[in-house]
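Read through the structure below, which is laid out as structure tokens, and then see the notes.
We did not get these values from a lab; they are worked out from the coordinates using the rules stated. Quick caveat: nothing in here was measured; it's all calculated off a predicted structure. Ideal geometry is used to build each Cβ from the backbone, glycine not excepted, and the neighbour counts take in all protein chains shown.
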Amino acid sequence: MHLYLLSRRFRFNNNKLHKVYLSTPSHKKWQSVVGLEVHAQLNTESKLFSGAQNTFGGLVNNCVSLFDAAIPGTLPVLNRKCVELGILTALALSCKVNEVSTFDRKHYFYADLPAGYQITQQRAPLASDGVINFQVFTPGVHKKPYNKSSKIKQIQLEQDSGKSLHDAELKRSLVDLNRAGAPLIELVFEPDLEDGEEAAALVKELVLIVQRLGACTGRMEEGALRVDANVSLRRVGEPLSTRTEIKNIGSVRGVAGAIRHEIDRQRTILDSGGRITNETRAWDAAAKLTIPMRDKEVVQDYRFMPEPNLPPLRVNLSTKEDTQDVISVPLVKDKIPELPEQTRRKLVEQYELKPEASIQLVNEPVLLEYFHKITTNKARNPTKVANLLLNELLTILNKRKIDAENCPVTDNHLADLIDFLLQNKINLNICRATIDELIEDSTLTVKELIKLKGWFLITDEKVIVDKCKEIIENNPKIVKQYKEGKVKVFNALLGLLAKSTDNKFDMSLASEKMEELLKK
């Protein structure tokens, strides 16, 4: 939106003084441009070029082969499973798999890169020219979901580096090579996103896709998927301008926060007449700001060269014939499962859920599994099941900071809760209280717990009618107002009824009986 400063001018008309306001822009309108580079660790037992175990959280330097440590005379041997998973991911993202791809050495010198170079696929990647379609919807930010897509420039296989451990007490750095040589695919996206929420939605969709494929665990907290974001601002219609790179963002919300902060930082600099420098920055999640790491004004020369110890990688694009040395791409394509977008479409079309609910359910695979198990009973309303999972269960889990994967409440518990709700044996307040209790102790059944607490709703008509009469007798002023035409006070009577019975009445039945009594 344009903001304007109003500058005053004066003119005379018929001997009267008039103020004339001329609007001038207060600042230039900037368009933010975001492009992502994502590294996903492939879900294989061994590393990309060695037989060392590919695992997270092992003993320091316990999963290291001679090749990973760059011992002279050792040679790389390409892991077939890594190639298959790379192709599977590329096909799921509509990429063109290249019949021939090659490996390169990318030289740079870090303590945790023993060979002094990384083996990657810079010039002839495994796949290229893909697209990821996703929906952007953040409750509280967007009123409605909208569709977005981002083009994929290329997907390449490469090995990971090790990890430097900095000991503050010993005042020295140590190196763990467990991650050195771990198999990665790097996905390079075109700069066609506009803000942090779109970038976060893309990353979330990518996590869901690689998890469905079994290509990557998607656990960002373990470093299985890491995001680099390139951010720049330009005037509308102008070419791309100087960008900054935010390295190694480790969570979906971190992606949104880092990019949002960087856009605001750059806009402030440009509005004050400053210049954006080409630099690498890091995201400080605690302080919620990006901090400088190193400048990139001088282009780093990685001295790319062909990897002499690996022949070109050839794949079979046309037939379903696998050999020991050549992978059939059509055979890999047959392994693609139902993808998240297909699931969302089915939830809307078959179960008549709102798009917002379908997005949230697919974003939480555990809750989606609960939904499918609970709705196998056709008597259970899918919309009410989705509301229970998203509005009640997920809200309570978020308040308690419990991940859905670690939820102690089972699908059987939730199915019973839904049944009791539909039968008006409990209300939403009791439902929430029951979930809270089950999180603390999930050994009891829902029926046992509610019976133990005395939480089942009172549905006896005589008891309800007697209580309604008592409320009417004790509140003559409100009753008089109602009978004089102020029907809104009816809710006040129901509120008094609910309060006096500790919300244990079937309020739909109580409302009906209260209305009948007032009309007599």
Tell me which of 126, 257, 402 sits at the most positive position along the dipole axis of the chain, charges placed on C-beta atoms (Lys, Arg +1; Asp, Glu -1).
257
Compute the helix-to-body angle for 252-271: its Cα long axis versus the longest principal axis of the chain, expressed 0 to 90° and rounded to tens.
80
Which entry is the computed Cα Rg over 2.2 N^0.38 Å for this structure: (i) 1.29; (ii) 1.09; (iii) 0.90?
(i)
Descending semi-axes in whole angstrom, ellipsoid equivalent of region 140-201, from the Cα gyration tensor:
36, 20, 9
Stokes-Einstein D for region 476-520 at 25 °C, 0.890 mPa s, Kirkwood Rh over Cα pairs, in µm²/s?
228
Can you bin region 219-367 into rounded, prolate or oblate? Criterion: square roots of the alpha carbon gyration tensor eigenvalues sorted a ≥ b ≥ c, rounded for a/c under 1.5, prolate for a/b above b/c, oblate for the rest.
oblate
Förster radius 35 Å - calculated FRET efficiency between residue 354 and residue 491, Cβ distance, rounded to 0.05:
0.80
Taking square-rooted eigenvalues a ≥ b ≥ c of the alpha carbon gyration tensor, is region 91-215 rounded, prolate or oblate, where a/c under 1.5 means rounded and, failing that, a/b exceeding b/c means prolate?
oblate
Taking only Cα atoms, what is the 0 to 90° angle, nearest 10, from helix 196-213's long axis to the longest principal axis of the chain?
80
What is the distance in Å between the Cα centroid of region 239-291 and that of region 163-209?
16
Backbone HN-Hα couplings from phi across region 467-477 [Karplus 6.51/-1.76/1.60, Hz, Gly and Pro as x]:
5, 4, 4, 4, 5, 5, 5, 7, 9, x, 4
When all Cα-Cα pair distances of region 28-125 are considered, the percent exceeding 16 Å is 69
Using a Förster distance of 41 Å, the FRET efficiency for residue 500-residue 31 (Cβ separation, nearest 0.05):
0.10
Suppose R0 equals 35 Å. What FRET efficiency, 1/(1 + (r/R0)^6) with r the Cβ-Cβ distance, do residue 424 and residue 287 give to the nearest 0.05?
0.10
Residue 452 and residue 59 label points (each 7 Å along its Cα→Cβ direction) are spaced in nm at 4.3
Size of electric dipole in the chain: Cβ of Lys, Arg +1 and of Asp, Glu -1, about Cα centre, debye, nearest 20
2700
Under 22 Å from residue 96, Cα to Cα: lysines that are on another chain or at least 8 residues apart:
81, 148, 151, 153, 320, 333, 335
If the label point sits 7 Å along Cα→Cβ of residue 461, residues of region 492-518 with amide N under 18 Å come out as 505-518
Computed label-point distance, nm, for sites residue 66 and residue 346 using a 7 Å Cα→Cβ extension:
5.0
